[in-house]
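The values are calculated or read from the model by the stated rules, or taken from the named source; none is laboratory data. Remember, predicted model here, so these are calculated numbers, not experimental data. Positions of Cβ are generated from backbone atoms using ideal geometry, with glycine treated the same way; all protein chains shown enter the neighbour counts. These accessible areas exclude ligands, DNA and RNA; they are computed on the full protein's heavy atoms, side chains included. Shrake-Rupley method; radii C 1.70, N 1.55, O 1.52, S 1.80 Å.
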Amino acid sequence: MGSLSCIQLLHHHNPVLKISCSATLSVTSEVEKRSFEADEANLLVKELQGVFNSGKTRSYEWRISQLQSIEKMLEEKEKDITQALHEDLAKPYLEAFISEISTTKGSCKHALQELKEWMEPEKVKTSITTYPSTAEIVSEPLGVVLVISTWNFPFLLSLDPVIGAICAGNAVVLKPSEIAPATSSLLVKLFREYLDNSAIRVVEGAVPETTALLEQKWDKILYTGSARVGRIVMAAAAKHLTPVILELGGKCPAVVDSNIDLQVTARRIVTGKWALNSGQACIAVDYIITTKSFAPMLIEALKNGLKECFGENLMESKDMSRIVSKSQFARLVKLLDEDKVSDKIVVGGQRDENKLRIAPTILLDVPQDTEIMKEEIFGPLLPIITVEKLEESYDIIKSKPKPLVAYLFTNNDQLKQDYVQNISSGGMCINDTVIHLTVPGLPFGGVEESGMGSYHGKFSFDGFSHKKSVMYRSFDGDASVRYPPYTPQKQRLLKALISGNLLRIIQALIGWSNDDVE
């Protein structure tokens, strides 16, 4: 879930020129207020196209140098980054370090180790019809790409796609979210200080500024946020036939069996819900499905897990992020206060608008026609739905748009197999939450409503590359059989060659073929 955000363009050629959400432009010694409009966005894209066309970003050396600079930035500015994240979301230091800084470091380190291999052309076998020849797939950069990130993990979800775009050799414009203003402002400063601003820019802003950017022709757009805004981004991209990667969200279910380690399961759900930006994450557990008989034990285990992680007074815990804004707080309170929902609270429910905090809240058997069960919650509210048999959970999950992640806790191997085969989701994690995102060899992305395309690791490199097919032939081995006039003998031989059957080819060559020809 995310939003469009407010613009600050740091002009590479003129360090005085600055367009911010207060819309200021320095002209000689005067400061003249104006907005960031389509003509300026167009100029930005043209400048970056010029840099890209010069070939600067294509070299291995340039790509590595930018990745090394990001790695250095992460080491030197850790304190500034965690401070900005705390200012925007009250993220505890350790959560900010693990989920944003350490994860970004991992992506950068993996790219530095693997980039040379990723850039190598991939050899492809050729057929007898093209003999003698060789073929390969060449990964080439797309050009100038736009990354629109979101507010819930404002550092990670800005840097991770940018790392992929740089790996692939593109010029990049990053558009961070104005809903996380401290991080957005810091990204401007850090990119200007550490990266090549002739090819990598940061643009801050809100809806009008983002609209100006979306009016331009990009070579690819990656957007992280809500499905509602994803449709706007895709519609804008369609006007220019621009390909997109959409990282959206959805209602991520967790099906919980009874034959499990209950304490470990509860801790992992608590971590994958409330310790993950207070549930403000597209991969957070959105709702649980378990059996009626097991629900009381699961609820008690979750209560104990919450106390173990956050203490007796959950509202005062310093180990949990706050709600990002008053509007998000009001949205969550509205979900909680709906007539058929408010009496289903079994744990929590407390809220403090001044501190933008809502206690971890568990609800039992909320009706499916309520808003909390129809829209992505994106907060610290966790409904538990009960069924007689776990197999009934399939119909509940399938009645909703396909989720970004589906979780399952069980020791039943057959249930694991059935879940993988029956439930369609962007990704899946069995007997844990969230941790699958740390595996660089796994793609991260959604399906249908939860998104399209993927990134992470080599999938980031591939997502921002064009796979160009190339075949090499010599002037030797030029066979007259491919050229008119097509005599009966040529037709027999061509049909044999196309079939790939060596015996038929030999028969055709010596005139023994029985193939009918016209």
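Here is the figure for region 469-492: residues that are closer than 26 Å to PHE52 by Cβ and open to solvent by less than 80 Å² (accessible area, probe 1.4 Å) total 1.
Taken residue by residue, region 244-266 has at least one member that is crowded, with 19+ Cβ neighbours inside 10 Å, in a helix (DSSP H, G or I) and either in contact with a Cys (Cβ under 7 Å, 6 or more places away or on another chain) or touching a residue at least 40 places away in the same chain (Cβ under 8 Å) (or both). Of the residues screened, ASN197 is one that is surrounded by fewer than 20 Cβ atoms within 10 Å (Cβ to Cβ) and in contact (Cβ under 8 Å) with a residue 40 or more places away in the chain. Quick check: is even one residue across region 185-193 surrounded by fewer than 24 Cβ atoms within 10 Å (Cβ to Cβ), under 15 Å from GLN49 (Cα atoms), of a type outside the set (A, V, I, L, M, F, W, C) and in contact (Cβ under 8 Å) with a residue 40 or more places away in the chain? Within region 185-193, none of the residues are surrounded by fewer than 24 Cβ atoms within 10 Å (Cβ to Cβ), under 15 Å from GLN49 (Cα atoms), of a type outside the set (A, V, I, L, M, F, W, C) and in contact (Cβ under 8 Å) with a residue 40 or more places away in the chain. Is one or more of the residues making up region 277-292 part of a helix (DSSP H, G or I), under 21 Å from SER393 (Cα atoms) and open to solvent by less than 70 Å² (accessible area, probe 1.4 Å)? Within region 277-292 (the criterion being part of a helix (DSSP H, G or I), under 21 Å from SER393 (Cα atoms) and open to solvent by less than 70 Å² (accessible area, probe 1.4 Å)), the answer is no, since none of the residues qualifies.
How many of the residues making up region 97-106 are among the hydrophobic types (A, V, I, L, M, F, W, C) and either open to solvent by 60 Å² or more (accessible area, probe 1.4 Å) or touching a residue at least 24 places away in the same chain (Cβ under 8 Å) (or both)?
Kept after step one, since they are among the hydrophobic types (A, V, I, L, M, F, W, C), are these residues of region 97-106: 97-98, 101.
Now restrict to residues that are either open to solvent by 60 Å² or more (accessible area, probe 1.4 Å) or touching a residue at least 24 places away in the same chain (Cβ under 8 Å) (or both): 98, 101.
Final tally of qualifying residues: 2.
Could you please let me know if LYS175 is among the basic types (Lys, Arg), assigned by the TED database to the domain that holds VAL202 and within 16 Å of TYR223 (Cβ to Cβ)?
Yes.
Could you check, for region 407-417, whether at least one of its residues is in contact (Cβ under 8 Å) with a residue 40 or more places away in the chain and within 24 Å of the chain's Cα centre (by Cα)? Yes, some residue in region 407-417 is in contact (Cβ under 8 Å) with a residue 40 or more places away in the chain and within 24 Å of the chain's Cα centre (by Cα). Of the helices (runs of 4 or more DSSP H) lying entirely inside region 427-511, those containing at least 3 residues that are in contact (Cβ under 8 Å) with a residue 40 or more places away in the chain and not hydroxyl-bearing (Ser, Thr, Tyr) are 458-463.
Taking ALA227, is it closer than 30 Å to CYS429 by Cβ, buried (at least 17 other Cβ atoms within 10 Å of the Cβ), aliphatic (A, V, I, L, M) and out of contact with any strand residue (DSSP E or B) (no Cβ under 9 Å at 6 or more places or on another chain)? No. Tallying residues that are surrounded by 16 or more Cβ atoms within 10 Å (Cβ to Cβ) and in contact (Cβ under 8 Å) with a residue 60 or more places away in the chain within region 107-116 yields 4. Of the residues in region 469-485, none is among the small types (Gly, Ala, Ser), within 23 Å of GLY225 (Cβ to Cβ) and under 48 Å from the mean Cα position of the chain (by Cα). If you go through region 230-243 and keep only what is crowded, with 20+ Cβ neighbours inside 10 Å, without any contact (Cβ under 8 Å) to a residue 40 or more places away in the chain and not small (Gly, Ala, Ser), you end up with just THR242. Just one residue in the set SER158, SER133, SER149 is farther than 22 Å from GLU209 by Cα, of a type in the set (S, T, N, Q) and open to solvent by less than 50 Å² (accessible area, probe 1.4 Å); that residue is SER133. Screening GLU87, GLU71 for residues that are charged (D, E, K, R), in the same structural domain as GLU209 (by the TED database) and in contact with a Cys (Cβ under 9 Å, 6 or more places away or on another chain) leaves exactly one candidate, GLU71. Of the candidates GLU376, GLU392, the single residue that is at pLDDT 95 or above and in contact with a helix residue (DSSP H, G or I) (Cβ under 9 Å, 6 or more places away or on another chain) is GLU376.
Taking the conditions (1) in contact with a strand residue (DSSP E or B) (Cβ under 8 Å, 6 or more places away or on another chain); (2) more than 21 Å from ARG267 (Cβ to Cβ) in turn, ASP343 satisfies each one other than (1).
So, in region 42-96, of the ones that are more than 23 Å from the chain's Cα centre (by Cα) and among the basic types (Lys, Arg), which residue ends up most open to solvent (accessible area, probe 1.4 Å)? Checking each candidate, the answer is LYS79.
Might you let me know whether region 204-213 holds any residue that is out of contact with any Cys (no Cβ under 8 Å at 6 or more places or on another chain), assigned to a loop (DSSP other than H, G, I, E, B) and touching a residue at least 60 places away in the same chain (Cβ under 8 Å)? Even if it seems obvious, please write down each step before you answer.
Of all residues in region 204-213, those out of contact with any Cys (no Cβ under 8 Å at 6 or more places or on another chain) come to 207-208, 210-213.
Narrowing the set further to residues that are assigned to a loop (DSSP other than H, G, I, E, B) leaves none.
No, that holds for no residue.
For LYS400, indicate whether it is part of a loop (DSSP other than H, G, I, E, B) and either open to solvent by less than 30 Å² (accessible area, probe 1.4 Å) or at negative phi (or both). Yes: the conditions hold for LYS400.
Taking the criterion of being touching a residue at least 60 places away in the same chain (Cβ under 8 Å) and at positive phi, the only residue of region 357-378 that qualifies is PHE378.
Listed by first and then second residue, the pairs linking a residue in region 284-302 that is in the same structural domain as ILE397 (by the TED database) to a residue that is basic (Lys, Arg) and not in a helix (DSSP H, G or I), with Cβ atoms under 8 Å apart and 6 or more places separating them unless they lie on different chains, are ASP286/LYS251; TYR287/LYS251; THR291/LYS389.
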